[in-house]
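What follows is a set of notes on a single structure, which appears directly below.
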Amino acid sequence: MVTKTTATATGQKKARNERIRRRLLIHAGLVAFGVVMLYPLLWMLSSSFKPTEEIFRDPSLIPSTFMPGNYTEGWTALQHPFHHYLLNSAIVVAGAIIGNLLGCSMAAYAFARLEFFGKKLFFAIMLMTIMLPIHVVIVPQYILFAKLDWINTFYPLIVPKLLATDGFFVFLMVQFIRGLPRDLDEAARIDGCGHVRIFLQVILPLSMPALATTAIFTFIWTWNDFFSQLIFLTDPNMYTVPVALRTFVDSTSQTSWGPLFAMSIVALGPVFGFFLAGQRYLVRGIATTGIK
């Protein structure tokens, strides 16, 4: 009896050790994969403290010559201090987030809760816009905004968001709202609520994960958007962060790589901060979207 118990305990110990070794191998693999993925970011961070002539000559992550002056030089290297471009990007991002939250949530409520003629057709057209590259529509958009005298203003980057032009976020919210019980709508109607009050007092509070997901993705995509901002903003006073960073790269003279990488690190700060602040809502919004 003692021998059988001892053998059982020994087998359980071996199985536990095997599970521990397996987990250690998995975690070691994940750490190695994470280091590979983070290496470009770590290299850029290291390069932001190196002299320009050593950045591509010395690939190590530890600077041989520590130059924190790249940050002060980069901050004042352009026509305006770098906080001017940060402020421009913040204005565009704030307008885009507000526009997407308002426009996409109202469009999603209409597709998810209302019945109207051509609903399925319009929903299909909306989904097809997700597959439409921006390069296809940028020329007619530019012509339209030029006729409205909106070039070199933030209007082309903000106003379309109010019209629910981002089909991905409309689809995201439609799927989330469809997962909310319709009994809540019926209970609100019994209390005398119309569609406006149902949308504002019932649907929106319950859709916070989807709204947070929309806000986070809108922030990241708008903050990092270079193409649209380069097309519509040609006045240096209106430059946002991506366009301002491009001005560090000069095709006719030496590029200031040290200050460029330093300001790139500064530009990444708001993205990381906003993502970390809303990470919990982002995971919840993606995990619950479409679940009935």
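Scan the range 143-188 for residues that are charged (D, E, K, R), crowded, with 16+ Cβ neighbours inside 10 Å and closer than 21 Å to residue 91 by Cβ and jot them down. Full working, then the answer.
To start, the set of residues in the range 143-188 that are charged (D, E, K, R) comprises 147, 149, 161, 166, 178, 182-183, 185-186.
Those left that are additionally crowded, with 16+ Cβ neighbours inside 10 Å: 161, 166, 178, 185.
The answer is 161, 166.
Looking at the structure I just gave you, is residue 64 of a type outside the set (A, V, I, L, M), over 30 Å from residue 173 (Cβ atoms) and either in contact with a helix residue (DSSP H, G or I) (Cβ under 7 Å, 6 or more places away or on another chain) or part of a loop (DSSP other than H, G, I, E, B) (or both)? So residue 64 fits the description; yes. Within the range 8-61, the set of residues being of a type outside the set (Phe, Trp, Tyr), modelled with pLDDT of 85 or more and outside any helix (DSSP H, G or I) comprises 48, 50, 51.
Take the residues in the range 75-116 that are under 20 Å from residue 176 (Cβ atoms) and among the hydroxyl-bearing types (Ser, Thr, Tyr); name whichever of them is surrounded by the fewest Cβ atoms within 10 Å (Cβ to Cβ). Here the residue is 109. Among the residues of the range 221-240, those that are among the aromatic types (Phe, Trp, Tyr) and either outside the structural domain of residue 157 (by TED's automatic domain parsing) or in a helix (DSSP H, G or I) (or both) comprise 221, 223, 227, 232.
The values are calculated or read from the model by the stated rules, or taken from the named source; none is laboratory data. Given the structure is predicted, the values throughout are model-derived calculations rather than measurements. Please note: Cβ atoms are built from the backbone with ideal geometry, for glycine as well, and neighbour counts cover all protein chains shown.
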